[in-house]
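**Student:** Below you will find the structure I want to go over with you.
Only the coordinates and a few stated rules stand behind these numbers; no lab work does. What you see is a predicted model; the values in this text were computed from it and never measured. Heads up, the Cβs are rebuilt from the backbone with ideal geometry, glycines too, and the neighbour counts pull from every protein chain shown.
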Amino acid sequence: IRHLREAADLDAENATLILDTARELARLTGGREVKKLPTLRGRTVVNLFYEDSTRTRISFEAAAKRLSADVINFSAKGSSVSKGESLKDTALTLQAMGADAVVIRHGASGAPHRLANWVDGSVVNAGDGTHEHPTQALLDAFTMRERLGRLAGLNVTIVGDVLHSRVARSNVVLLGTLGAKVTLVGPPTLIPVDITNAEVSYDLDAVLPASDVVMMLRVQHERMSASYFPSAREYSRRYGMDGARMRRLPEHAIVMHPGPMNRGMEISPEVADSPRSTIVEQVANGVSVRMAVLYLLLGGK
Ligand code: CP
């Protein structure tokens with residue numbers, strides 16, 4: 001494949017190849033002394049971020065550098081975007097500087113698809129609007145497989161503000177491709193009607209005992225209309241993951257969150273900091289998975 005615009009760009013074989021490659025790259029570069037590999041020496045990766053990010057932007061930068069690529073970080077804030085320059089003209093400018101891959105985060109759903117028509121290099125979606133965030137889904141799948149040993153047949157429960165969640169959309173597609181069963185749980189106003197390959201429940205307590213994985217989603221206040229949202233206290237009471245709910249899970253089950261978290265809203269500190277939480281592992285795994293994506297898209301040697 002040339003681009004990773006959405007999870008549907010990956011069939012089971014390609015997705016598994018990325019996860020296996022990430023594991024091998026983690027083995028080669030992991031440990032206390034992080035080693036660099038020469039595989040992308042002479043290649044240029046541009047991080048084109050129109051929306052804020054901590055984890056994704058830094059981990060793509062770390063991933064590219066660990067593969068010895070040159071990295072250009074572009075943030076819309078402080079750029080000529082403030083003078084009205086379009087995405088296309090920005091992309092062509094970066095193209096002229098010799099980008100082999102453009103990693104894009106943008107507030108508009110579909111921006112990576114449009115970008116792929118304008119640049120010669122590979123396009124990687126780092127989150128577009130409420131549409132998709134495929135490398136987050138890959139690092140989530142990697143984390144599940146590392147912790148639980150498999151993906152096929154897992155019961156994965158995704159909880160909360162699904163409506164605005166590009167993480168949820170990518171996870172539903174990728175986990176379906178890899179044979180896991182997904183159940184979406186949240187207030188009826190925050191469950192979209194267009195996701196068809198997942199079960200839906202409005203009762204979190206009912207689904208917990210059969211869940212292998214519970215993925216809590218951030219409540220995206222910045223994308224929220226007041227009419228969608230119950231009060232914070234009501235939301236937390238019905239859909240928040242606290243210690244009591246965590247103890248309803250099977251012993252082997254894990255609790256995930258893509259970050260950033262609203263501690264005390266969708267997840268309590270007791271759960272976020274517990275041994276069942278994979279939140280910090282997800283961040284570390286993100287570097288290995290993004291290395292694998294860049295390596296495979298750019299044909300690293
Ligand atoms: N999970 C995630 O995309 O986090 P950032 O917004 O910090 O990149």
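**Student:** All other residues with a Cβ under 15 Å from the Cβ of PRO275 taken together, and with Lys, Arg as +1 and Asp, Glu as -1, what is their net charge?
**Tutor:** Within the 15 Å Cβ shell, the charges total -2.
**Student:** In addition: Count the DSSP beta bridges whose two residues both fall in the chain, then state the antiparallel fraction as a percent rounded to the nearest 5.
**Tutor:** Roughly 5 percent of the beta bridges in the chain run antiparallel, per DSSP.
**Student:** Which FRET efficiency value, to the nearest 0.05, do you get for ARG247 and ARG147 by plugging their Cβ-Cβ distance into 1/(1 + (r/R0)^6) with R0 = 25 Å? Numbers along the way, then the final one.
**Tutor:** On the way: r = 18 Å, r/R0 = 0.74.
Plugging the Cβ-Cβ distance into 1/(1 + (r/R0)^6) gives 0.85.
**Student:** Please compute the modelled spin-label separation between GLU13 and ARG233, points set 7 Å along Cα→Cβ, answer in nm with one decimal.
**Tutor:** For the pair ARG233/GLU13, the computed spacing is 5.7 nm.
**Student:** Treat every Asp and Glu Cβ in the chain as -1 and every Lys and Arg Cβ as +1, leave all other atoms uncharged, and give the resulting dipole magnitude about the Cα centre to the nearest 20 debye.
**Tutor:** My answer is approximately 680 debye.
**Student:** State the Cα centre-to-centre distance between region 92-158 and region 170-221 in whole Å.
**Tutor:** A separation of 20 Å, based on Cα centres.
**Student:** Now for a different question. Taking the chain as a Gaussian network, Cα atoms linked when under 10 Å apart, which of PRO112, PRO209, PRO230 shows the biggest mean-square fluctuation?
**Tutor:** PRO230
**Student:** Return VAL46, VAL289 ranked ascending by Cβ neighbour count within 10 Å, so the fewest neighbours appear first.
**Tutor:** Ranking VAL46, VAL289 by Cβ neighbours within 10 Å, fewest first, gives VAL46, VAL289.
**Student:** Moving to a separate point now. What aspartates and glutamates could a cross-link reach from LYS83, if we take a straight Cα to Cα line under 20 Å and drop same-chain neighbours fewer than 8 places away?
**Tutor:** Answer for LYS83, where 20 Å is the Cα cut-off: GLU51, ASP52, listed by chain and number.
**Student:** Same structure again: Enumerate the calculated ³J(HN,Hα) couplings along region 132-145 in order (Karplus 6.51 cos²θ - 1.76 cosθ + 1.60, θ = phi - 60°), each rounded to whole Hz, writing x wherever the residue is Gly or Pro.
**Tutor:** For region 132-145, the Karplus curve yields 8, 8, x, 6, 5, 5, 5, 6, 5, 4, 4, 5, 4, 5 Hz.
**Student:** Semi-axes of the equivalent ellipsoid for the chain, please: Cα gyration tensor eigenvalues, times 5, square-rooted, ordered largest first, whole Å.
**Tutor:** Sorted largest first and rounded, they come to 32, 23, 17 Å.
**Student:** Among ALA63, VAL34, ALA99, whose Cα lies farthest out toward the positive end of the dipole of the chain, if unit charges sit on the beta carbon of Lys, Arg (+1) and Asp, Glu (-1)?
**Tutor:** VAL34
**Student:** Also, quick follow-up: Given region 55-101, what whole percent of its Cα pairs are spread farther than 11 Å?
**Tutor:** 72 percent
**Student:** Relative contact order (percent) for the chain, with alpha-carbon contacts under 8 angstrom and 6 or more residues of separation? Walk me through the numbers on the way to the answer.
**Tutor:** Numbers: 575 pairs, mean separation 62.3, N = 301.
Reported relative contact order: 21 percent.
**Student:** Below 8 Å between Cα atoms, with a sequence gap of 6+, how large is the relative contact order for region 58-217 in percent?
**Tutor:** Computed over region 58-217, the figure is 17 percent.
**Student:** Here's a follow-up. Looking at the square roots a ≥ b ≥ c of the eigenvalues of the Cα gyration tensor of region 248-301, which shape do they give, rounded for a/c under 1.5, prolate if a/b is larger than b/c, or oblate?
**Tutor:** Cα axes put region 248-301 in the prolate bin.
**Student:** Counting only DSSP beta bridges with both residues in region 101-213, what percent are antiparallel, rounded to the nearest 5?
**Tutor:** Looking only at bridges with both residues in region 101-213, the antiparallel portion is about 5 percent.
**Student:** Could you check the spin-label model distance between LYS77 and SER274? Points 7 Å from the Cα along Cα→Cβ, value in nm.
**Tutor:** Those two pseudo-labels are separated by 3.5 nm.
**Student:** Follow-up question, since we're still on this one. Within 10 Å of each candidate Cβ there may be at most 11 other Cβ atoms; applying that plus a DSSP loop requirement, which GluC sites (Glu not before Pro) in region 1-87 survive? Don't skip to the answer; put the middle values down first.
**Tutor:** Values: sites: GLU6, GLU13, GLU24, GLU33, GLU51, GLU61, GLU85; in loops: GLU6, GLU33, GLU51, GLU85.
Of the GluC sites (Glu not before Pro), the ones in loops of region 1-87 whose Cβ has at most 11 other Cβ atoms within 10 Å are GLU33.
**Student:** Right, next: Sticking with the crude label model, points 7 Å out along Cα→Cβ, report the distance from ASP194 to SER109 in nm, one decimal please.
**Tutor:** 0.4 nm
**Student:** Would you please report the Å³ per residue occupied by the convex hull of the alpha carbon atoms in region 134-278?
**Tutor:** 98 Å³
**Student:** Further, regarding this structure: Label region 122-182 by shape, choosing from rounded, prolate and oblate, from the square roots a ≥ b ≥ c of the eigenvalues of the Cα gyration tensor; if a/c is under 1.5 it is rounded, and otherwise prolate applies when a/b is larger than b/c, oblate when it is not.
**Tutor:** Values: a/c = 2.21, a/b = 1.41, b/c = 1.56.
Oblate is the answer for region 122-182, as a/c is 1.5 or above yet b/c matches or exceeds a/b.
**Student:** For region 170-254, build the charge dipole from Cβ charges (+1 Lys, Arg; -1 Asp, Glu) around the Cα centre, then report which of THR183, SER231, VAL213 sits farthest towards its positive end.
**Tutor:** Going by the charge dipole, the pick is SER231.
**Student:** Counting only DSSP beta bridges with both residues in region 3-142, tell me the antiparallel percent, nearest 5. Let's see the in-between values first.
**Tutor:** On the way: 1 of 18 bridges.
In region 3-142, DSSP labels about 5 percent of beta bridges as antiparallel.
**Student:** Scan around VAL102 for amide H atoms under 5 Å from its own, H built in the peptide plane at 1.01 Å from N, and keep only partners 5 or more places away or cross-chain.
**Tutor:** Result for VAL102 returns VAL46, SER122, VAL123, VAL124.
**Student:** Give me the dipole magnitude in Debye, nearest 20, for region 134-278 about the Cα centre, with unit charges on the beta carbon: positive for Lys and Arg, negative for Asp and Glu. Mind dumping the intermediate values first?
**Tutor:** Numbers: 16 positive and 15 negative charges, 20 e Å.
Charge dipole of region 134-278: 100 debye, to the nearest 20.
**Student:** While we're here: Test of understanding: what is the full-extension gain from ARG263 to LYS36, defined as 0.36 nm times their sequence separation minus their Cα-Cα distance? Intermediate values should be presented prior to the final figure.
**Tutor:** Values: separation 227, 0.36 × 227 = 81.72 nm, distance 3.50 nm.
Length gained between ARG263 and LYS36: 78.2 nm.
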